Amino acid sequence: MDFARAVLDFEIYTRGMNEPEALEFLGDNEVRWRGRTLVYFSGCDYFRLARNSQVVAAVISSLKENGLNVAASRKTTGNHKIYAELENELAKFFGTETALLFPDGYFAPIAVTQTFAGEFTHALADEFAHGALLDAARMLDCPLQKFRHHDAADLQKFIAKCGKNSRPIILTDGMFAHDGSTAPLREYLKILPRNGMILVDDAHGAGVLGSTGKGTLELEKVGRQRIVQCVTLSKAFGVYGGAVLATRALREKILARSCVFVGTTPLPPPLAGAAIASIKILRREPVRRKRMFQNLSYVRTQLRAAGWETSETPGPIIRLPAMNEAAVRDLQKRFLAAGIYPPFLKYVGASAQGFFRLIISSEHTRAQLDRLIGVLASFKLAFGVRKP
Ligand SMILES: Cc1ncc(COP(=O)(O)O)c(C=O)c1O
């Protein structure tokens, strides 16, 4: 194929288009793009469970047993028993009283804020909070203020401004997908008034962070009092669907008040079956998390040896420093020449000009990691990059 043309096309694809070109996923770590098979260091299927044979078998078996769709809200005739089974598995995995499922992770925080509409006086969101949280904030019927990314001191200033009789709610991602950093929940709790709440969208932390994968709360060693954690099943668990991890009382309150719960068809039963299988795998095989962090540590160490500055964020994500256009183009070319899909993206809110983000999975082979490191080492030799 015309390689120079492919590079040019890639640039057009990453810069201009609203709907990026389709990728074909092959096996655990490769994609097909424009006729080429390339190693993949993107996407958030951190443990590659989306293609795991037990998870796929669970889809097929549940499809045969339950069909594709309940075609009704759980509030009416759509409440299949598999949903309670999945909620019990989630509650067991995360160590919560209950869980409540939603069709996807985007809906979960929205359901929480619908439930609390009118109860808080101020919504305070991290400036890089995911769109799901910003949409969720609109349901609260109170003013929204953004505070500086990760910055407890800035947050404290806004809390102080809220006034004596206020009741604030803080909205933040648990783990941030642009660089694998996490919200300092312990610090936020210290400055949160007693009647306040923190809503954590832990789409990326769930299954990944903490000693048993319970997510950012476990990593930060904080309890669940005054914190509500929302998760997705579409990343570490490799399936689809969302959930709010809740006390029984909160679950009841959401059931009574959330339009999202009343007005949506739940996730297809085969996906619920797959999610059950996937949660069991992650509980049974903590070695996957261990392997992922070993891979991460290997890549970080080698990149540092090659002269890269990589920050020590808790998540399996390495964000490369900002680069000028010529450097971006050069590195894209090197990735393609080495048979790696260029992990370059523009992330809403995090960086207008785009950046390289490496996602390291538990299933990348040493040879694939070495290929990645080789490209970045040769680039570093050839090209200076400015500090982030
Ligand atoms: C931080 C965050 N929250 C929520 C979502 C939405 O989750 P889902 O894809 O399950 O709707 C995403 C997904 O990309 C996300 O990154």
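Any read-out appearing in this document is the output of simple, stated calculations on the displayed coordinates, not a laboratory observation. The structure presented is a predicted model; accordingly, all values stated were derived computationally and were not measured. Cβ sites come from the backbone with ideal geometry, for glycine too, and all protein chains shown count toward neighbours.
Under a model in which nothing but the beta-carbon of Lys, Arg (+1) and Asp, Glu (-1) is charged, the chain shows a dipole of about 720 debye around its Cα centre. Could you sort out which of K64/K214; K161/K214; K235/K290 sit more than 22 Å apart by Cα distance in this structure? Listed pairs above 22 Å: K64/K214; K161/K214.
Let's see if you can work this out: charge +1 on each Lys and Arg Cβ, -1 on each Asp and Glu Cβ, no other charges. What is the dipole magnitude of the range 157-237 about its Cα centre, in debye to the nearest 20?
Numbers: 12 positive and 7 negative charges, 115 e Å.
The calculated dipole for the range 157-237 is roughly 560 debye.
With the simple spin-label model, which puts each label point 7 Å out from Cα in the Cβ direction, the R51 to K81 separation comes to 3.5 nm.
Near the amide H of D104, within less than 5 Å, lie the amide hydrogens of G242, all on another chain or at least 5 residues away, with H placed in the peptide plane. Each of T212, H149, C230 was placed along the dipole of the chain (beta-carbon charges, centred on the mean Cα), and the one lying farthest toward the positive end is T212.
Evaluating 6.51 cos²θ - 1.76 cosθ + 1.60 at θ = phi - 60° for every residue in the range 154-169, the Karplus couplings come out as 5, 4, 4, 4, 5, 4, 4, 5, 4, x, 5, 8, 7, 9, x, 10 Hz, glycine and proline recorded as x.
Only helical DSSP H runs with n ≥ 4 go in: add -39500 (n - 2.57) per run for the chain, normalise by residue count and round the 222 nm mean residue ellipticity to 500 deg cm²/dmol. Don't skip to the end; give the middle numbers.
Working: 14 runs with 160 residues, N = 388.
Calculated from helices alone, the mean residue ellipticity at 222 nm is -12500 deg cm²/dmol.
For H130, nonlocal amide neighbours, meaning residues 5 or more places apart or on other chains whose placed amide H falls under 5 Å from its own, are D173. For the chain, the C-alpha radius of gyration divided by 2.2 N^0.38 Å, with N the number of residues, is 1.01. Computed from the C-beta positions of A326 and R283, the FRET efficiency with R₀ = 35 Å rounds to 0.15.
So how do D151, D173 line up by other beta-carbon neighbours within 10 Å, fewest first? Write out the running numbers ahead of the final one.
Numbers: D151 14, D173 24.
If I rank by nearby Cβ atoms, fewest first, I get D151, D173.
Backbone phi angles across the range 315-323, fed through the Karplus curve with coefficients 6.51, -1.76 and 1.60 (θ = phi - 60°), yield HN-Hα couplings of x, x, 10, 10, 9, 7, x, 4, 9 Hz in residue order; Gly and Pro are listed as x.
As a rough guide to protection, the peptides 331-341, 238-248 ranked by mean Cβ packing within 10 Å, highest first, stand as 238-248, 331-341. Modelled spin-label separation between E252 and K346, with each label point placed 7 Å from Cα along the Cα-to-Cβ direction: 4.9 nm. Evaluated with a Cβ-only charge set (Lys, Arg +1; Asp, Glu -1), the range 253-352 carries a dipole of roughly 440 debye about its Cα centre, given to the nearest 20. Other residues lying with their Cβ under 10 Å from the Cβ of G238 contribute a combined charge of +2, Lys and Arg counting +1, Asp and Glu -1.
Charged neighbours of S211, selected by a Cβ distance under 11 Å, balance to +3 (K, R count +1; D, E count -1). Compared with the alpha-carbon gap, the fully stretched path from D370 to Q225 is longer by 47.8 nm at 0.36 nm per residue.
What longest region of the chain stays clear of GluC sites (Glu not before Pro) that DSSP places outside H, G, I, E and B and that have at most 12 other Cβ atoms within 10 Å? That would be 22-308. By a straight-distance test (C-alpha under 19 Å), which lysines pair with K380 as possible cross-link partners, with residues fewer than eight away in the same chain excluded? Straight-distance partners of K380: K333.
Backbone amide hydrogens, once placed in the peptide plane, bring T182 within less than 5 Å of F176, excluding anything fewer than 5 places away on its chain. The value obtained for the range 42-129, namely the Cα convex hull volume divided by the number of residues, is 167 Å³ per residue.
With Cβ to Cβ distances under 13 Å as the rule, what net charge do the other residues near V262 carry (K, R +1; D, E -1)?
Details: positive: R74, K75, R257; negative: none.
Local charge sum for V262: +3.
Remind me, relative contact order of the chain in percent, using alpha carbon pairs under 8 angstrom and six or more residues apart?
On the way: 751 pairs, mean separation 89.5, N = 388.
This gives 23 percent for the chain.
Note on K75: lysines with a C-alpha under 18 Å away, same-chain residues under 8 apart excluded, are K253.
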